[in-house]
1. How large is ³J(HN,Hα) for each residue in the range 64-77, as worked out from phi by the Karplus curve 6.51 cos²θ - 1.76 cosθ + 1.60 (θ = phi - 60°), to whole Hz, x for Gly and Pro?
2. May I ask you to give the percent of accessible area on the chain that is carbon plus sulfur, with a probe radius of 1.4 Å?
3. Compute the accessible area per residue over the range 1-77, keeping the other protein chains in place, probe 1.4 Å, unit Å².
4. Give me a comma-separated list of calculated 3J(HN,Hα) values for the range 34-48, in order, Karplus coefficients 6.51, -1.76, 1.60 applied at θ = phi - 60°, integers in Hz, x for any Gly or Pro.
5. Of the listed values (i) 14.6, 45; (ii) 11.3, 32; (iii) 17.5, 49, identify the label whose number matches Rg and Dmax of the Cα atoms in Å calculated from this model.
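The values are calculated or read from the model by the stated rules, or taken from the named source; none is laboratory data. All figures in this text were calculated on a predicted structure; none of them were measured in a lab. Each accessible area value is taken on the protein alone, full model and side chains, heavy atoms only, with ligands, DNA and RNA left out. Shrake-Rupley method; radii C 1.70, N 1.55, O 1.52, S 1.80 Å.
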Amino acid sequence: MSVYPRGTVAMAKSQNPNSAGSQFFLVYEDSMLPPDYTVMGTISEAGLKVLDKITDAGVKSNDQSDPDFQQPKNPVEIEKVTVSAQEGLPEK
């Protein structure tokens, strides 16, 4: 198990090989997960405040058989993403 710290953005995947594709997840609190997820970046402090509002509202369902399992209770739409070079890494 590995710690994915609060603010991590990583590629989602299923149990199937080569299943990481267009889905991603945002880590809102330090999480222990298998070391199988590719980290793509981090969330800014302003972004974490927004993420906290989303998580404070809760989820639609905690029932694992429900299709809405752990979906945010309130609709969420990402309108903007900013990509910047990480400090200390060379730009390409």
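1. Taking θ as phi minus 60°, the curve returns 4, 7, 7, x, 8, 3, 6, 7, x, 4, 9, x, 10, 9 Hz for the range 64-77.
2. Looking at the chain in its full context, I get 49 percent from C and S.
3. Per-residue accessible area for the range 1-77 comes out at 76 Å².
4. x, x, 9, 10, 7, 7, 9, x, 9, 9, 5, 4, 4, x, 5
5. Recomputing Rg and Dmax of the Cα atoms in Å here picks out (i).
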